[in-house]
1. In terms of the ratio Rg/(2.2 N^0.38 Å) built on C-alpha atoms, what value belongs to the range 1-51?
2. Pairs of Cα atoms under 8 Å, at least six residues apart: use those to get the relative contact order of the range 146-274, whole percent.
3. To the nearest 10 Å², what's Ile93's accessible area with a 1.4 Å probe?
4. Among Met247, Met233, Met363, determine the one that fluctuates most according to a GNM of the chain built with springs between C-alpha atoms less than 10 Å apart.
5. Could you please report the charge total around Tyr347, scoring K, R as +1 and D, E as -1 over all other residues with beta-carbon less than 12 angstrom from its beta-carbon?
6. How much of the calculated P(r) for the range 1-96 lies past 18 Å, in percent of all Cα pairs?
7. Mind checking which of Phe82, Phe275, Phe201 has the largest fluctuation in a GNM of the chain, springs on alpha carbons under 10 Å?
8. Computing the accessible area with a 1.4 Å probe over protein heavy atoms, can you report the carbon and sulfur percentage for the range 281-355?
Amino acid sequence: MKVLLLGSGGREHTFAWKITQSKHCEALYIAPGNAGTATLGQNLNISPSDFEAVKEVVLEKKIDMVIVGPEAPLVNGIVDFFKKDEILSHIAIIGPNKKAAQLEGSKAFSKQFMKDMLIPTAAYREFTVDSKEAGLAYIDQHTLPVVLKADGLAAGKGVLICHSNDEAKKEFLAMLDGKFGEASKRVIVEQFLQGIEFSVFVLSDGKNYVMLPEAKDYKRIGEGDTGLNTGGMGSVSPVPFVTNELMEKVEREIVQPTIRGLNKKGILYQGFIFFGLIVVDGNPLVIEYNCRMGDPETQVVFPRLKNDLLDLFQAMHDNELAKIQVEVDQRAAAAVILVSGGYPEAYEKGKEIFGLDQIKNSMVFHAGTKNSGPSTLSNGGRVLAVTSYGEDFKAALKQSYQNVEKISFDGKYYRADIGFDLG
Ligand code: AMP
Ligand code: GLY
């Protein structure tokens, strides 16, 4: 099978690593990829948002399967583009269609969906410029903190947690006024939930689903979960506080009603569903859905997944996921992310990375990197993930941190406390 993988992050390097282990993988192309994916297949200088360019390369390279890593092309309808095209319609494309991807693409859609299906989530109201006054009045009497969310995709920046009603009203007006462009023309005002977060991943063929190992990521830039939100500074799997009992509750109260609800609404969901969950008083609630795998969760989930990934995708495409048994490596996996100094605000790129050849007993998944002659250069905020296995998360982290020390580049920063809240 000839495979084209879309995306360029650490998630995609991990996908590429797993795909090249598949017995079905004949050739792998990555568009656009990074210096890590270049060691596993051929990078193509194409944007995943340029559907016509993707089509051209699919035909030229005789691609059998296209795997979509990031959310933007899914939310913008790349799957619909393939299905509608006479020549492309027979090609397996892995990811949900535009309507299904609304689970991530529109928070108003996903909140209404959860309300309809009685799926536990924070209480909320939604407002637009036409209901601005009602919104201000609602925020005025809201308990603190108040959570404001842009309806649409806002590159992970569209959630604001406000600690005074005045701040919330100011931000609310700025959002309606286009703070996050079109994405915040509709705003969700939501109850703040106090609890501990983790993530659950499901692969669905529309009717059946399989569950992958759960994970926990660390989103804040600073130690002790302080400072600005980032794409993710580290991750662990399994998550020690996620007992079988809690996981059964998640499956019964959240995963199954989600799959049933999608069916009920006539939405064919084929692809990953990422459930961002929070546990409050022992009960799981949904913080958000994503229509793709997590980053950096993939960097710990896929190393624990023993199945052939292309087997899973083929089964999904053929509506045969019911026949698949997910097999999980019982070891823990932990990832530490190395980022460019200054991230998630302004940072510099193009710094030479040293020490990659010194790494033993860990895997290095590249995110923002590129090749320049014999050198590897930083090329983004998140630069590398160092993932290790261990008997438990502490042993896995210890191994990752040992190797983190061997890698250097100007301005290198990482959190030294991944897993700090796991006991
Ligand atoms: P998101 O961009 O939707 O992933 O949200 C970013 C982060 O904001 C989440 O991972 C949570 O930590 C936090 N968050 C979002 N909604 C809530 C909420 N209702 N209560 C508490 N924290 C929240
Ligand atoms: N790590 C969170 C995400 O991928 O959205």
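The values are calculated or read from the model by the stated rules, or taken from the named source; none is laboratory data. Note that this is a predicted model, so its numbers are computed, not measured. Cβ placement follows ideal geometry from the backbone for every residue including glycine, while neighbour counts extend to all protein chains displayed. Accessible surface areas use protein heavy atoms only, side chains included; no ligands, DNA or RNA. Shrake-Rupley method; radii C 1.70, N 1.55, O 1.52, S 1.80 Å.
1. On the way: Rg = 9.9 Å, N = 51, 2.2 N^0.38 = 9.8 Å.
Cα Rg divided by the expected 2.2 N^0.38 Å: 1.01.
2. About 21 percent, as a whole number.
3. Result for Ile93: roughly 10 Å² accessible.
4. Its mean-square fluctuation being the largest, the pick is Met247.
5. Working: positive: Lys349, Lys351, Arg382, Lys412; negative: Glu345, Glu348, Asp410.
Summing Lys and Arg as +1 and Asp and Glu as -1 gives +1.
6. Numbers: 1672 of 4560 pairs.
Roughly 37 percent, once rounded to a whole number.
7. Phe82
8. On the way: 1190 of 2940 Å².
C and S atoms contribute 41 percent here.
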